[in-house]
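Written out below as structure tokens is the structure these notes cover.
The values are calculated or read from the model by the stated rules, or taken from the named source; none is laboratory data. For clarity, every value in this text was computed on a predicted model and none was experimentally measured. All Cβ positions, even for glycine, are placed from backbone atoms using ideal geometry, and neighbour counts span all protein chains on display. Accessible surface is based on the protein model in full, side chains and every heavy atom, while ligands, DNA and RNA are left aside. Shrake-Rupley method; radii C 1.70, N 1.55, O 1.52, S 1.80 Å.
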Amino acid sequence: MIKIKYIPLEDLIWKAIRKSDDKKAFTEMYKAYYQFLFAYGFRISADKELTKDCIHESFLEIWNNRGNLPEVQHVGAYLKTIVRRKILKEIPKTIKQYAVDVNDEKARTIESSYEDLLILLQSNQEMKLKVQKALLHLSPKQLEVIKMKFFEGRSYAEIAEKNLSTARTVYNQIYESLKILRKYLCFF
């Protein structure tokens, strides 16, 4: 009896992209995984545009580096990992950009009316309260790692060394902390 080995379609598509620069296979993979990745990414960041951008950048990187792509067992899991890392890398930039935009807005309000200034101050105060409330939902340890990572700019390794843990543990703590914060902050 001849035994036939089943090869999933996603494996064949992945191999076609890696080995033969098959644009049709790449398009099929994009179509097959886009909605899945969007739903997954949107759970990490409730910012639709950020999620879309990160998915597009991930696929662009895959295409540009197709000759150096690794063999993977589960294409979907591999794509989720790439998208998750991209989104988590972009969230601090989004927060910083939000702060810059608020500061730019403050500078512009010097020339604006008194009413505009009151509206801006009220919205900034509301955001400040929202952030303070969201931070209350973090444990002291989570608050500490968020502060070190995003406000002090420390690496995962530096935080791990300071807390006598591993970089992977710190990464998980930050990931869980961001999940909690995303629940309470609409600009994520």
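The single condition among (1) at pLDDT below 90; (2) assigned to a helix (DSSP H, G or I); (3) open to solvent by less than 80 Å² (accessible area, probe 1.4 Å) that Ile7 does not meet is (2). Filter the range 134-144 down to the residues that are within 12 Å of Leu181 (Cβ to Cβ) and either without any contact (Cβ under 8 Å) to a residue 12 or more places away in the chain or part of a helix (DSSP H, G or I) (or both) and list them by number. Those that are within 12 Å of Leu181 (Cβ to Cβ) and either without any contact (Cβ under 8 Å) to a residue 12 or more places away in the chain or part of a helix (DSSP H, G or I) (or both): Ala134, Leu135, Leu136, Gln142, Leu143.
So how many residues does the range 108-152 have that are modelled with pLDDT of 70 or more, acidic (Asp, Glu) and surrounded by 12 or more Cβ atoms within 10 Å (Cβ to Cβ)? Here the count works out to 1. Yes or no: Leu37 under 29 Å from Ser177 (Cβ atoms) and in contact with a helix residue (DSSP H, G or I) (Cβ under 6 Å, 6 or more places away or on another chain)? Yes.
For the range 153-167, the set of residues classified as in a helix (DSSP H, G or I) and either among the aliphatic types (A, V, I, L, M) or open to solvent by less than 80 Å² (accessible area, probe 1.4 Å) (or both) consists of Tyr156, Ala157, Ile159, Ala160, Asn163, Ala167, listed by residue number. Scanning the range 59-73 for residues that are open to solvent by 40 Å² or more (accessible area, probe 1.4 Å) and in contact (Cβ under 8 Å) with a residue 12 or more places away in the chain yields Glu61, Trp63, Arg66, Gly67, Glu71. Can you spot a residue in the range 50-57 that is assigned to a helix (DSSP H, G or I), among the polar types (S, T, N, Q) and at pLDDT 90 or above? Among the residues of the range 50-57, not one is assigned to a helix (DSSP H, G or I), among the polar types (S, T, N, Q) and at pLDDT 90 or above, which makes the answer no.
Against the list (1) closer than 27 Å to Thr51 by Cα; (2) at pLDDT 80 or above, the condition Glu161 fails is (1).
Taking the condition part of a helix (DSSP H, G or I), at negative phi, open to solvent by less than 50 Å² (accessible area, probe 1.4 Å) and out of contact with any Phe, Trp or Tyr (no Cβ under 8 Å at 6 or more places or on another chain), does Leu37 pass? Yes; evaluated as a whole, the condition is true for this residue.
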